[in-house]
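Taken together, the values in this text are just the output of simple stated rules run on the coordinates, not laboratory data. Note that this is a predicted model, so its numbers are computed, not measured. Positions of Cβ are generated from backbone atoms using ideal geometry, with glycine treated the same way; all protein chains shown enter the neighbour counts.
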Amino acid sequence: MRNGKIKAEPYDLDFDLDSTALVMIDMQRDFVEPGGFGESLGNDVSLLRSSIEPCKEVLETARKAGMFIIHTREGHRPDLADLQPAKKARGNPTRKIGDPGPMGRLLVRGEPGHEIIPELAPLPGEPVIDKPGKGAFYETDLLGILRNRNIKKLIVCGVTTEVCVHTTVREANDRGFDALVPEDCTASYFPEYKRVALEMIKAQGGIFGWVSNSDNVTSAIEAAAKK
Ligand code: TIU
């Protein structure tokens with residue numbers, strides 16, 4: 001049967017391991033490590049590290065259960081042809097997207113900073129979606145990939161809560177998916193924004209999703225895998 005319930009807010013979410021995907025959003029060196037894009041915007045990147053271990057637990061549990069796992073990376077072509085001028089200029093940073101930094105060119109595909117952190121590195125067979133925007137559905141093949149696998153529900157982890165995770169959860173909701181965010185598997189440069197972003201998702205009866213935590217998610221996956 002491989003189904004069950006994830007204890008969540010505003011209410012428990014029924015799920016089936018074979019129609020639920022784990023989506024790891026932008027756990028890249030550019031956001032999580034010093035010297036990358038996140039720091040170039042003036043952020044303290046150490047605030048994101050607390051999400052790594054819970055993400056790893058959910059990722060490893062999902063792998064053992066044979067779930068479909070997708071990773072995303074925010075970034076641009078080396079020629080920057082897909083970089084909107086507005087995005088490049090945004091925030092008036094001293095170092096802009098495409099400029100050189102200690103981990104290579106900021107937010108550019110193929111550079112060391114663009115890679116997913118080693119702790120959460122994708123395995124062969126786990127699709128990696130390269131996205132030019134904040135939402136994982138915008139100008140990517142994510143929707144087609146999910147449809148081809150008959151995926152209906154998403155467990156969405158990653159960074160940052162109120163930017164790429166929120167945008168992706170909203171996009172998923174509008175495309176008919178149920179999305180659940182484990183709260184310790186996401187982080188923000190602004191802890192208050194994380195708190196409020198999660199409140200927004202689960203408000204109004206779950207206006208665009210569910211909020212849970214890594215313990216609830218891993219125990220529900222493990223129980224469903226035994227059925
Ligand atoms: N700046 C910030 O909080 N986030 C991003 O720019 N991208 C993602 O959230 N991945």
Would you mind computing Rg(Cα) / (2.2 N^0.38 Å) for the chain, counting N as its residues?
0.97
Net charge of neighbours whose Cβ lies under 12 Å from the Cβ of VAL58, counting Lys and Arg as +1 and Asp and Glu as -1
-4
So, in Å, what gap is there between the alpha-carbon centers of segment 6-47 and segment 59-128?
13 Å
Based solely on its DSSP helices, what 222 nm [θ] is calculated for the chain when runs of n ≥ 4 H residues each add -39,500 (n - 2.57) and the sum is averaged over all residues, nearest 500 deg cm²/dmol?
-9000 deg cm²/dmol
Rounded to the nearest 5, what % of the DSSP beta bridges within the chain are antiparallel ones?
25 percent
Convex hull around the C-alpha positions of segment 1-94: the volume in Å³ per residue is 161 Å³
Could you pull the Cα extents of segment 162-227 along its three principal axes, largest to smallest, in whole Å?
37, 27, 20
Just the number: Rg to Rh for segment 15-54, Cα atoms, Kirkwood Rh, two decimals.
1.17
Proximal charge balance of MET103 [Cβ under 12 Å; K/R count +1, D/E count -1]
-3
If you take every DSSP beta bridge fully contained in segment 79-210, what fraction is antiparallel? Give it as a percent rounded to 5.
25 percent
What helices does the chain have that are whole DSSP H segments, at least 15 Å long along their own axis by Cα, and with mean Kyte-Doolittle hydropathy of -0.5 or more?
214-226
May I ask you to work out the translational diffusion coefficient for segment 109-227 at 10 °C, viscosity 1.306 mPa s, via Stokes-Einstein with Rh from the Kirkwood sum over Cα pairs, reported in whole µm²/s?
103 µm²/s
Taking every pair of alpha-carbon atoms in segment 65-173, what share in percent sits in each 5 Å bin, from 0 to the bin with the longest distance?
2, 11, 19, 24, 21, 13, 7, 3, 1
